[in-house]
Amino acid sequence: MLKIKYIEFFKSLAANNHKEWLDTHKTTYEQEVKKPFHELTQAVIDRLKKINPHFDIPAKDAVFRINRDVRFSKDKSPYKLHMAASISTTHKKDWNNPDGIYFQISAEGVIIGGGLYMPNKEVTQAIRRAIAHQPEVFNKIISSPAFKNRLGEIQGEKNKIIPAELKDAAKYQPLIFNKQFYFWREYLGNKNITRPDLADFIVEHYFVSQPFIRFVQQAIHEYL
């Protein structure tokens, strides 16, 4: 779905990241970047809806704007150097819902992620308690060959201090220190950007992540 012109656009934008350049190349952006990326996003949504009908978000609501929020950044470049989408069963900005998939595509390659990137403190504590009470179940999920081969490992920033009642469990499973619980895989190169089965490839990550998603959902249900 994405072609070499998509890659070329972002390479040029990296060297000309200002409004005047984008205004001049607006047609290229609309036809070679925005349109095919929305089509890719819709293709992913259509596949996810076959798994769960709650994936009913329209592509236009799942795709992030190319404009950067520069209010609190030293870098005042107005545009991102990638397109990105977040598809979930609720809303792309529901940071406490693990049931979804995120992907972004730049000139360098494809990134696919999922899990919980910015959960609130209550959800974080619920997940920690679930891991502490069911460490074998959690470890079996994240150490399975499918999870490790496709998703890698659970990532995220950590707290230095956790509740005292969780410290012993954290010795066995250090991920209890995490305040984020997400996977993040990067696939570099043009061949990954332009692959004809990219929608299926993205959805494959969601399939593999389902046991982890269910664990987090159960944790929220039982321990929140």
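Structure data summary
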read-out: Tabulated pairs, region 40-65, first part of a loop (DSSP other than H, G, I, E, B), second of a type in the set (D, E, K, R), C-beta under 6 angstrom, 6+ apart or interchain; value: Phe55/Lys49
read-out: Of the criteria (1) touching a helix residue (DSSP H, G or I) at 6+ places or on another chain (Cβ under 7 Å); (2) under 16 Å from Leu198 (Cα atoms), which one Glu32 fails; value: (2)
read-out: Matching residues, region 1-19, being over 14 Å from Tyr29 (Cα atoms) and not in a helix (DSSP H, G or I); value: Met1
read-out: Any hit, region 175-187, residues being touching a helix residue (DSSP H, G or I) at 6+ places or on another chain (Cβ under 9 Å), part of a helix (DSSP H, G or I) and over 22 Å from Met118 (Cβ atoms); value: no
read-out: Qualifying positions in region 66-105 - modelled with pLDDT under 95, closer than 20 Å to Glu39 by Cα and of a type in the set (D, E, K, R); value: Lys92
read-out: Residues located in region 147-174, provided they are within 22 Å of the chain's Cα centre (by Cα) and either among the acidic types (Asp, Glu) or not in a helix (DSSP H, G or I) (or both); value: Leu151, Gly152, Glu153, Ile154, Gln155, Gly156, Glu157, Lys158, Asn159
read-out: Region 1-20 - residue that is over 15 Å from Met83 (Cα atoms) and not basic (Lys, Arg) and, of those, farthest from the chain's Cα centre (by Cα); value: Glu20
read-out: Among (1) assigned to a helix (DSSP H, G or I); (2) buried (at least 17 other Cβ atoms within 10 Å of the Cβ); (3) free of Cβ contacts under 8 Å to residues at least 60 places away in the same chain - the single one Thr27 does not satisfy; value: (2)
read-out: Number of the exception - Gly189 against (1) of a type outside the set (A, V, I, L, M); (2) surrounded by 13 or more Cβ atoms within 10 Å (Cβ to Cβ); (3) closer than 30 Å to Ile7 by Cα; value: (2)
read-out: Tally, over region 71-119, of residues that are under 27 Å from Ala219 (Cα atoms) and of a type in the set (S, T, N, Q); value: 6
read-out: Index of the failed condition, Pro196 passing every other in (1) over 21 Å from Val44 (Cβ atoms); (2) over 20 Å from the mean Cα position of the chain (by Cα); (3) of a type outside the set (Val, Ile, Thr); value: (1)
read-out: Selection within region 81-94 - over 20 Å from Ile51 (Cα atoms), part of a loop (DSSP other than H, G, I, E, B) and touching a helix residue (DSSP H, G or I) at 6+ places or on another chain (Cβ under 9 Å); value: Leu81
read-out: Tally, over region 120-135, of residues that are part of a loop (DSSP other than H, G, I, E, B) and farther than 10 Å from Asn96 by Cβ; value: 1
read-out: Residues within region 1-24 that are among the small types (Gly, Ala, Ser) and touching a residue at least 40 places away in the same chain (Cβ under 8 Å), tallied; value: 1
read-out: Pick from region 95-105, criterion surrounded by 18 or more Cβ atoms within 10 Å (Cβ to Cβ) and in contact with a helix residue (DSSP H, G or I) (Cβ under 8 Å, 6 or more places away or on another chain), ranking: nearest to Asn120 (Cα to Cα); value: Pro98
read-out: Residue in region 37-87 that is nearest to Arg195 (Cα to Cα), counting only those that are hydroxyl-bearing (Ser, Thr, Tyr) and surrounded by fewer than 19 Cβ atoms within 10 Å (Cβ to Cβ); value: Ser77
read-out: Odd one out for Ile141, checked against (1) in contact (Cβ under 8 Å) with a residue 40 or more places away in the chain; (2) at positive phi; value: (2)
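The values are calculated or read from the model by the stated rules, or taken from the named source; none is laboratory data. All values reported here derive from a predicted model rather than from experimental measurement. We place every Cβ from the backbone using ideal geometry, glycine too, and count neighbours over all the protein chains shown.
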